[in-house]
1. List the residues whose amide H sits under 5 Å from the amide H of residue 351, counting only those 5 or more places along or on another chain, with H placed 1.01 Å from N in the peptide plane.
2. Taking a point 7 angstrom from the Cα of residue 331 along the C-beta vector, which residues in segment 288-323 have backbone N less than 18 Å away?
3. What's the magnitude of the charge dipole for the chain around its Cα centre, counting Lys and Arg as +1 and Asp and Glu as -1 at the beta-carbon? Answer in Debye, nearest 20.
4. Considering only Cα-Cα distances, which of the following residue pairs are longer than 26 Å: 208/271; 208/345; 303/360; 171/208; 95/171?
5. What full-extension length gain, to one decimal in nm, is calculated for residue 363 and residue 237 as 0.36 nm per residue of separation minus the Cα-Cα distance?
6. Give me the mean projected area, in nm² to one decimal, of the convex hull enclosing the Cα positions of segment 226-334.
7. What translational diffusion coefficient, in µm²/s and rounded to a whole number, does the Stokes-Einstein relation yield for segment 208-261 at 20 °C and a viscosity of 1.002 mPa s, taking the hydrodynamic radius as the Kirkwood radius over Cα pairs?
8. Tell me, what is a quarter of the convex hull surface for the C-alpha atoms of segment 31-114, in nm² with one decimal?
Amino acid sequence: MGSQPEPAMETHQSNPNDTQPAPIPQITSLPLIDISSFLDPHSSPSARQLTASSINSACINYGFFYLTGHGIPTSKLDQIIMLARHFFASPLFVKNKIRRREAGSSEGGDGARGYQGIGENLTQGRRDIHEAVDLYREWDHAVKTPGAGGEGTYRTLQGPNLWPAEPEELKDVYLEYIDQLQDVGRALVRAMGVALDLGTPTGEPADKETEDEDVFVRNTDRSFWVMRMIGYPRLETPIEDGLSCGEHTDYGCVTLLLADPTPGALQVLLKDGRTWLPADPIPGAFVVNIGDMIERWTNGLWKSTRHRVVHRGDEYRVSVPFFFEPNFEAVVRPLGKCVERTGGKAVYEGSTYGRHLAAKVDSNF
Ligand SMILES: O=C(O)CCC(=O)C(=O)O
Ligand SMILES: [Fe+2]
């Protein structure tokens, strides 16, 4: 059942670049939503409706919330973080064995999958002080283009995943976790269709363009998901020289973030455009946020919220976001009902998710 506890009052963090006094204190915590009614086939319609309306308020007011009731045991979540931590603790030459390579290069990279060292990722042109491994849904029928040298080359995103060989169990544990996360992602986008009151399916055959409450479910049935393992050393330099992860919105559908218990690192920009709210981890819960594709589908009714990571704690921080994305070929354009509710004019053009993603990958996000 959905719930949205009354936020407590307390001071929050303001933008460190601001010279203005901090705004009036508002909230200390994001809303908490229990998704179990959308995972349990026997739940009552009223329980689902309650969850859906909590999601609607959370998406309108924050674009971020904590998610519980997802059914993935805490022991599994701890194992996911522990395995990523082990990998990042390996010597650099081990991590470089699965290094990300340029698409089309003679070394056989696809420009997206694999390991990136500290400072190699750019957000808005600034170095991010983290290292990461990116995994994506495997490309169907990927072929190498022969002749460019070595064993041939891959197109952007079309190579195989580069899995860490150590720890040995990492790949199997992660593959099972990704399956579990896709179930949670599906439940979440189903709930979002209800939350937006897009209408119950008529029972007539529906295609991907049909705009009812299952529209997100149909367009994510082959989700081109992304899984990132991220390792953050303590940020020693001033904010102007780059952040742990620079301010950005997520570019896809919904993000399910798992992070170790480090407080204060992830910060979410509130609607006033200047107050940064720390989104500290709650054990057993995901931090969820909506991405640019949901903003586009809803014609801006739900906005993808800016966030950043500033990790000044002593311990090496690990996070593992899972991005539940539309199908690669899904056409994402503002939904008629959302256009009506936002003044009658579509403010975004439609295009496929794949095109949007490839542009992001090519411009280093
Ligand atoms: O590490 C985190 O807490 C968030 C990372 C993030 O925002 C991202 O990878 O998009
Ligand atoms: Fe993000």
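Any read-out appearing in this document is the output of simple, stated calculations on the displayed coordinates, not a laboratory observation. If you're wondering where the values come from, they're calculated on a predicted model, not measured in any experiment. Positions of Cβ are generated from backbone atoms using ideal geometry, with glycine treated the same way; all protein chains shown enter the neighbour counts.
1. 332
2. So the set is 293-294, 296-299.
3. Working: 36 positive and 49 negative charges, 122 e Å.
That gives a dipole near 580 debye.
4. Numbers: 208/271 32 Å; 208/345 22 Å; 303/360 19 Å; 171/208 32 Å; 95/171 15 Å.
Violating the 26 Å Cα-Cα cut-off are 208/271; 171/208.
5. Values: separation 126, 0.36 × 126 = 45.36 nm, distance 2.50 nm.
So the extension gain works out to 42.9 nm.
6. Working: hull surface 30.1 nm².
Here the figure is 7.5 nm², rounded to one decimal.
7. Answer, rounded: 144 µm²/s.
8. Values: hull surface 36.7 nm².
If you wrap the Cα atoms of segment 31-114 in a convex hull and average its projections, you get 9.2 nm².
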